[in-house]
Amino acid sequence: MHMNLRDTVAYYEELIRGTSPFGAALAWTVILPLGQPVSFPEAASRLIGGGHPVLVESDEEFDEAAHSMDFIAAYLGQAGPATMLVEPSGFSYAGREQVMAWLSHNAQVWHVSWNVTSRRDLDYAAHGQWLARLPEFHHEMLHGTDPGALAEEAALLREAAEAPWPRQRATAMAIVEMRTGARLPEDWFDRPRQVAVVDQPITEQDPPIGLWHHEPDLDARLRSAPEETRRAVLLRLAGSLVERFDLGATPLGHAVRTAHEGMPLDAELWEDMRYAWERLGERWAVRLAAPREEYEHTWPRWVAANGVRHSLRSLGEGANWFDGVTYARFALGDEWPSVKRWIREMICSGSPLQA
């Protein structure tokens, strides 16, 4: 083993054996840009396919909730040009094939994870494509669209397979550091960090939340419209979802009425809206995604509630984000074309060409 690699493996062996939580569970993803560094907001956006997840500052209470998997939380950090994401439960969202592809736009992405189910993975993606996975760190299980991209790494992990714990895990972490230059520090959780809070995916296919993936023309027209028009569209859409899915008696309905009156939404109301959305989706609370087919009647209402939440959230940020429109499109199904029509009409009515 190369001297530098041996020293790096020794560092991670000590880290895993130490007081950090990494011995029991870890999901560590590193984005190595091929151009400019990836900012935290950009990394968060890529996590959901071009949407706009909430970024919060962690504290002790937040950390406790994140470790219990109450939601998907990706802690963000910087190491030179690389951007790092850590998911403390080890049940990785960032390590999903589709998500790694999004993260790897104009970048390489390396991912290593393990959790209490004994699952272990090393993954690699580049230039918007997930390329290879090494499940259980076992060379014979190497697969992907380009498995040869991890052939050298598979050989290194094979050499460590019979070594005492935690040599193989430490070797996987050392591989990520050697390939990216990013080191996971032992005091990772000793200070507040920015965290991307990702809503539970609405299907097992991990659809992107960026509207342009589904409606490129509509997205472009909305982005080109004046802020006043964008705000009007989002507010009308939120009201339509509340009415269509009988959400008027919930905090979501109260929030829409408050927004219509031009009043700000306070922190308590935002929290109430989130709790209402979580209650609507309680059937999927312990699952990594929501299978629509099992609950055809309740699933659209849950997705619509998220459409309301995110449409109202965008109003407070210049009406520049259209995550709520994406959720509305999924919730409405066959009814979406008629809604899309009136959105286009609202945009056109504010266009200089129609003046």
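The values are calculated or read from the model by the stated rules, or taken from the named source; none is laboratory data. As the structure is a prediction and not an experimental result, all values here were calculated from the model. To get the accessible areas, we keep the full protein, side chains included, count just its heavy atoms, and leave off ligands, DNA and RNA. Shrake-Rupley method; radii C 1.70, N 1.55, O 1.52, S 1.80 Å.
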What percentages, rounded to whole numbers, describe P(r) for segment 33-168 computed over all alpha carbon pairs with 5 Å bin width beginning at zero?
-> 2, 10, 18, 21, 19, 16, 10, 4, 1
Heavy-atom accessible area per residue, the chain, 1.4 Å probe: how many Å²?
-> 46
From highest to lowest solvent-accessible area (probe 1.4 Å; ligands, DNA and RNA excluded), TRP212, TRP270 read TRP212, TRP270
Accessible area in the full protein assembly, largest first, 1.4 Å probe, for HIS260, HIS52 = HIS260, HIS52
Rounded to the nearest Å, what's the spacing between the alpha carbon centres of segment 247-319 and segment 172-245? Just the number, please.
-> 16
With springs only between Cα atoms under 10 Å, which of ALA163, ALA172, ALA182 fluctuates most in a Gaussian network model of the chain?
-> ALA163
With springs only between Cα atoms under 10 Å, which of ALA155, ALA267, ALA101 fluctuates most in a Gaussian network model of the chain?
-> ALA267
How much of ARG191 can a 1.4 Å solvent probe reach, expressed as accessible area in Å² and rounded to 10?
-> 140
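Counting pairs of alpha carbon atoms under 8 Å apart in space and at least six apart in sequence, what relative contact order in percent does segment 70-119 give? Don't jump to the answer; show the numbers that get you there.
Values: 36 pairs, mean separation 13.8, N = 50.
This gives 28 percent for segment 70-119.
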Please build a GNM for the chain, connecting alpha carbons under 10 Å apart, and tell me which residue among TRP321, TRP28, TRP188 fluctuates the most.
-> TRP188
Rounded, prolate or oblate: which one fits segment 254-355, using the alpha carbon gyration tensor with axes a ≥ b ≥ c (rounded when a/c is under 1.5, else prolate when a/b beats b/c, else oblate)?
-> oblate
Protein chains only, probe 1.4 Å: how do THR250, THR180 rank by accessible area, largest first?
-> THR250, THR180
For segment 216-273 (alpha-carbon point model, no solvent) the Debye-based log₁₀ I(q)/I(0) at q = 0.30 Å⁻¹ works out to -1.14
Which percent of the accessible area of the chain is formed by carbon and sulfur heavy atoms (probe 1.4 angstrom)?
-> 50
For the chain: span of alpha carbons on each principal axis (Å, largest first) = 70, 41, 37
